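The values are calculated or read from the model by the stated rules, or taken from the named source; none is laboratory data. Keep in mind that this is a model prediction, so the values were computed, not measured. We place every Cβ from the backbone using ideal geometry, glycine too, and count neighbours over all the protein chains shown. Surface areas here come from the heavy atoms of the whole protein model, side chains and all, with no ligands, DNA or RNA. Shrake-Rupley method; radii C 1.70, N 1.55, O 1.52, S 1.80 Å.
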Amino acid sequence: MQPQIILVDDDDDLREAVLDTFEKHKLAAKGFARAADALEALDPEWPGVVLSDIRMPGMDGLAFQEEVKRLAPDVPVILFTGHGDVPVAVQAMRNGAFEFLEKPVHPDHLHQVVLRALKMRSLQVELTNLQHKTRDTLPLDERLVGRSKVMRFVRRDLQAVAPLQVDVLLWGQDGTGKTAAARAIHDLSPNAGGAFVVVNCSAVSQDTIERTLFEDGGAVARASGGTLHLQDVEALSDQLQAQLLRIFDSADAPRVVASVSQKPEELLAEGKLRSDLLYRINVAQIEMPPLKERGRDVFVLLDHFIQRAAARHGKSQKALPVPDLDALGKYTWPGNVRELRNVAEKLVVGLTVRLDERASAAVTETYDEAMLRHERELLSNALIQSGGRKAAAAELLGIPRKRLYLRLKYCGID
């Protein structure tokens, strides 16, 4: 279970005492001596609250509060200090602190403040989910699946920019989900009632761009009041890119979400992208990370795509044979999420899976057998790295000790 509370205080004894208080109240908490380390545990979708001392070496509480606000804007921050510094308290509250407490804090009072902050955070999460349902659209974590921190920040940025009437530039390798991201921006925007029109610029020629974009019934007219998604704008010639600038001068100009397959600055330096076009579409920029940089999202996505494909084909995904999990984890996925989705589809319909041109992935065990083997290896490695100390192994894996004991028993590890 994820911690509900992150506590930052460089006083080891005080930090442990506060953590003990939370444990007595059955609140999951994790302590840090340094603010910089705590930031690594945060992401925009985390449903908990933060407590931090003000006066600490390195990054102090106010600076930490600003970083939390930047990384996870809706997470409540509670600050406390033993110095009774009223000006600091005022500054903290102006910066959006949920509460400011002076040490020593009575444990019961601290508990009540934390409960109020957790309730507020819970209501925020519930409201976000309700807004998705009201708009009759899937939440971002179901559109852009992944538990990695990098994907959580992508979802945060998309959520932040979607309601704004600004043009957006998405960049990333082919197959990373740029079109899905563009669609999400449209559906979560005030333009959701309008049309979402996609133009594949790599397929538009000099002879057809005028008709495709600007004639009556063209893409610009159809996307008016909605969103125009221009895919791969760097594929157009310099002259065609110049013509695209007309979109922004149109009286009924739609919102533009453009995408490129390379870092924009590199395309500019290589002469593949006009600077004037880049400046017009680059109001907000979001990078879609390649699958090889998303860690264990490979396995999360594989399970997600297998379930979807099995439901679509009316097949059971139980005991489904899959390629060697180690091979999946080490593979670089040049086709990114799109390639992984195709692998899942092939597995469900019973086709041979080839991860490259040289060899096929040998299928020697069922899905459940492979998952059990992988879990045994993961648990064993954690115990080895922690010197056999189960509490340390649980901390290393980021799970409660009780869950570790249950998984060890299930996997037959003493």
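Past 24 Å, Cα to Cα: identify those pairs from K69/K149; K149/K178; K69/K263; K24/K409; K26/K402; K330/K409, in the order given. Table pairs above 24 Å Cα-Cα are K69/K263; K24/K409; K330/K409. A cut-off under 15 angstrom between Cβ atoms defines the neighbours of L240, and their net charge, with Lys, Arg +1 and Asp, Glu -1, is -1. If you work out log10 I(q)/I(0) by the Debye sum over Cα atoms at q = 0.12, 0.15 Å⁻¹ from the coordinates, which of [x] -1.02, -1.55; [y] -1.15, -1.35; [z] -0.91, -1.34 do you get? Looking at log10 I(q)/I(0) by the Debye sum over Cα atoms at q = 0.12, 0.15 Å⁻¹ for this model, the match is [y]. Placing +1 on each Lys and Arg Cβ and -1 on each Asp and Glu Cβ, with no other charges, gives the chain a dipole about its Cα centre of roughly 1300 debye.
Here the Gaussian network model covers the chain, with springs between Cα atoms less than 10 Å apart; of D157, D187, D13, D13 fluctuates the most. Rolled with a 1.4 Å probe across the full set of protein chains, the surface gives H109 an accessible area near 100 Å².
For the chain, the longest principal axis of the C-alpha atoms and the axis of helix 12-24 are separated by about 80°. Can you tell me which of V349, V260, V298 moves the most in a GNM of the chain? Springs connect C-alpha atoms under 10 Å apart. Fluctuation is largest for V349.
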